[in-house]
Amino acid sequence: MTDIEIQRCTRHCAVTGRRLEDGEEYFTELRSQGADLERVDYSVGAWTGPRDETISWWKSRVPTPETRRARWAPNDVLLEVFQDLLTRPEQADKCYVMALLLVRRRILRLEDTEQSPQGEPQLALYCPRDEKTYHAPVQTPDEARIEEIQRELEQLLFAGGEPIGKLGAQRESDPTEN
């Protein structure tokens with residue numbers, strides 16, 4: 001399976017062309033363009049929601065010089081948290097967010113999107129570290145839960161410094177800004 005490369009934030013709104021300033025919130029969507037993924041960034045004012053061809057989207061904040069100093073916990077710790085979340089069905093939305101984070105950090109590789117035995121969508125994720133395939137539920141958190149997940153993961157997973165951004169929709173911290 002091939003790793004999927006996601007380009008970094010353009011720091012410009014795709015609709016208005018305006019430069020996104022440090023600390024400004026913006027939306028990103030990933031769209032399928034044949035065999036490739038296209039990243040499109042939008043200012044908050046220009047965002048009208050995801051389109052039909054959108055695979056994933058998230059709300060982010062352009063990092064400031066102060067927030068760029070934050071460091072994630074070691075990769076092994078991130079993987080352990082994810083493995084624990086897989087055993088907690090009541091935490092399916094947090095598990096999904098962690099899965100997306102681990103794909104971005106290249107700890108896991110998205111192999112496929114498939115159906116669980118119960119007919120629910122799930123991600124098939126391969127981990128080269130332990131040569132295992134994990135199956136994570138696809139469950140987008142609602143707005144109230146997003147804030148809660150953000151606080152929990154910030155407390156658990158940042159090793160010094162301030163958080164880089166917020167989680168949102170599916171992932172609000174823009175992992176391509178690290």
**Asked** Looking at (1) over 22 Å from residue 95 (Cα atoms); (2) modelled with pLDDT under 80; (3) aromatic (Phe, Trp, Tyr), which is the one condition that is false for residue 42?
**Response** (2)
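Regarding residue 142, is this residue loosely packed, with under 14 Cβ neighbours inside 10 Å, at pLDDT 90 or above and not assigned by TED's automatic domain parsing to the domain that holds residue 28? Please lay out each step first, then the result.
On the way: loosely packed, with under 14 Cβ neighbours inside 10 Å: yes; at pLDDT 90 or above: no; not assigned by TED's automatic domain parsing to the domain that holds residue 28: yes.
Answer is no for this residue.
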**Item:** Residues satisfying the stated conditions in the stretch 42-60, i.e. more than 11 Å from residue 27 (Cβ to Cβ) and either buried (at least 19 other Cβ atoms within 10 Å of the Cβ) or free of Cβ contacts under 8 Å to residues at least 12 places away in the same chain (or both)
**Value:** 52
**Asked** Which of the residues that make up the stretch 58-89 are more than 18 Å from residue 134 (Cβ to Cβ) and of a type outside the set (A, V, I, L, M, F, W, C)?
**Response** 59, 60, 61, 63, 64, 65, 66, 67, 68, 69, 71, 74
**Complete:** Residues in the stretch 1-39 that are modelled with pLDDT of 90 or more, of a type in the set (A, V, I, L, M, F, W, C) and either touching a Gly at 6+ places or on another chain (Cβ under 7 Å) or farther than 18 Å from residue 63 by Cα (or both) total 2
**Request:** Select the strands (runs of 3 or more DSSP E) contained entirely in the stretch 35-124, then report the ones holding at least 3 residues which are in contact with a strand residue (DSSP E or B) (Cβ under 7 Å, 6 or more places away or on another chain) and outside the structural domain of residue 21 (by TED's automatic domain parsing).
**Result:** 109-115
**Request:** Take the residues in the stretch 125-139 that are under 15 Å from the mean Cα position of the chain (by Cα) and either among the hydrophobic types (A, V, I, L, M, F, W, C) or outside the structural domain of residue 110 (by TED's automatic domain parsing) (or both), then tell me which one is farthest from residue 74 (Cα to Cα).
**Result:** 138
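The values are calculated or read from the model by the stated rules, or taken from the named source; none is laboratory data. Treat the numbers as computed from the prediction; the structure is a model and nothing was measured. Ideal geometry is used to build each Cβ from the backbone, glycine not excepted, and the neighbour counts take in all protein chains shown.
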